[in-house]
Amino acid sequence: MTRPRIFETIAGLRADVEAARRSGRRIAMVPTMGALHEGHLSLVRAAQAKADLVIVSIFVNPTQFAPNEDFDAYPRDNDSDIAKLSELGVDAVFLPTVGEMYPKGFATGVSVGGPSQGLESVTRPHFFNGVALVVTKLLLAALPDLAIFGEKDYQQLCVIRQFVRDLNIPIEIEGAPTVREDDGLAMSSRNRYLGPDDRKRAALLPAVLRETLQALDAGTPVADALDRGRSRLTDGGFEVDYLELRTADTLAPFDDATRELRLLVAAKLGATRLIDNIPWSRAS
Ligand code: PAF
């Protein structure tokens, strides 16, 4: 088990990556906000399978939290995160401070249209501009060959693909499948906010996604299948933000000719907001 090289500055990270690049090594980055669970570790393994050198960034990004959200309470445990990354043999960890990422006088934003519209943006209008800004900075700090993000945050993945393409950032973006608990709940750093009763109830969220897809496969009209899904969640104690079906790659509204779709959900159990999604391929 070797402890990864830890960098707190962009200059330090760049010098390290530059040396690896000169020696022809393929470099992958896995951006995270820490509190690492098996979902993150699966991204790291996917990166290791595709690259010679893997950098994991751990940065709880203030610009993607609204003032009423959980920035201060967001779980932070660098020692345990670094121990997990050491076990996997990760080469480098980028652990910048807020001051390193957003120094005094910082005055730039990155605003993305297209897939950022609707869904998460309805209740979290600040969120994707904050994600786009920090991911742009992280990618430009390391300039890896590829970066891997979880499909659990599917809208985020679409937004990242959009701005990377639009800004000609020369980095491949890869999505990796959601990792789930035994009862189907998607792994998330925020699951630890759930008390024991809500944790049991939370399994209804992925169950409703699966049931809705079964209803769609059986020919139930989309509006009816979604209405039934929303009612099931409300009856199960959730406050539903959305349960929507969108075009898979763009998240645009779809028509009868659209074959590849994505079913996305966000709902609250008490104070804990959970999101999830699954693909649906319409039979032709
Ligand atoms: O998905 C996350 O953990 C964060 O939104 C990301 C992509 C690391 C940006 O802060």
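Below are the figures for this structure:
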read-out	value
Among residues of region 193-225, those that are out of contact with any Gly (no Cβ under 6 Å at 6 or more places or on another chain), over 16 Å from Leu261 (Cα atoms) and either open to solvent by less than 40 Å² (accessible area, probe 1.4 Å) or in contact (Cβ under 8 Å) with a residue 40 or more places away in the chain (or both), counted	6
Answer residue from region 14-58, given it is in a loop (DSSP other than H, G, I, E, B) and open to solvent by 30 Å² or more (accessible area, probe 1.4 Å) and is nearest to the ligand (Cβ to nearest atom) among those	Met33
Given (1) among the hydrophobic types (A, V, I, L, M, F, W, C); (2) more than 16 Å from the chain's Cα centre (by Cα); (3) more than 16 Å from the ligand (Cβ to nearest atom), number of the condition Ala141 does not satisfy	(3)
Subset of region 239-257 (residues that are surrounded by 16 or more Cβ atoms within 10 Å (Cβ to Cβ) and at pLDDT 95 or above)	Val240, Asp241, Tyr242, Leu243, Glu244, Leu245, Arg246, Thr247, Ala248, Leu251
Options Arg161, Arg190; residue that is open to solvent by 10 Å² or more (accessible area, probe 1.4 Å) and away from the ligand (no atom under 12 Å from the Cβ)	Arg161
Residue in region 93-129 that is surrounded by the most Cβ atoms within 10 Å (Cβ to Cβ), counting only those that are among the polar types (S, T, N, Q) and out of contact with any helix residue (DSSP H, G or I) (no Cβ under 7 Å at 6 or more places or on another chain)	Asn129
So Leu157, is it under 30 Å from Arg22 (Cα atoms) and either out of contact with any strand residue (DSSP E or B) (no Cβ under 9 Å at 6 or more places or on another chain) or aliphatic (A, V, I, L, M) (or both)	yes
Selection status of Val135, near the ligand (Cβ under 10 Å from one of its atoms) and open to solvent by less than 20 Å² (accessible area, probe 1.4 Å)	yes
Strands (runs of 3 or more DSSP E) fully within region 168-276 counting 3 or more residues that are within 20 Å of His37 (Cα to Cα)	172-176
Selection from region 192-228 of residues that are more than 24 Å from Ser284 (Cβ to Cβ), touching a strand residue (DSSP E or B) at 6+ places or on another chain (Cβ under 7 Å) and not aliphatic (A, V, I, L, M)	Tyr193, Asp198, Arg201, Pro206
Residues that are more than 30 Å from Leu204 (Cβ to Cβ), open to solvent by 30 Å² or more (accessible area, probe 1.4 Å) and among the aliphatic types (A, V, I, L, M), drawn from region 164-187	Leu167
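The values are calculated or read from the model by the stated rules, or taken from the named source; none is laboratory data. From a predicted model like this one, the values you see are computed outputs, not experimental measurements. In this analysis, Cβ positions are derived from the backbone assuming ideal geometry, glycine residues included, and neighbour counts consider all displayed protein chains. Accessible surface is based on the protein model in full, side chains and every heavy atom, while ligands, DNA and RNA are left aside. Shrake-Rupley method; radii C 1.70, N 1.55, O 1.52, S 1.80 Å.
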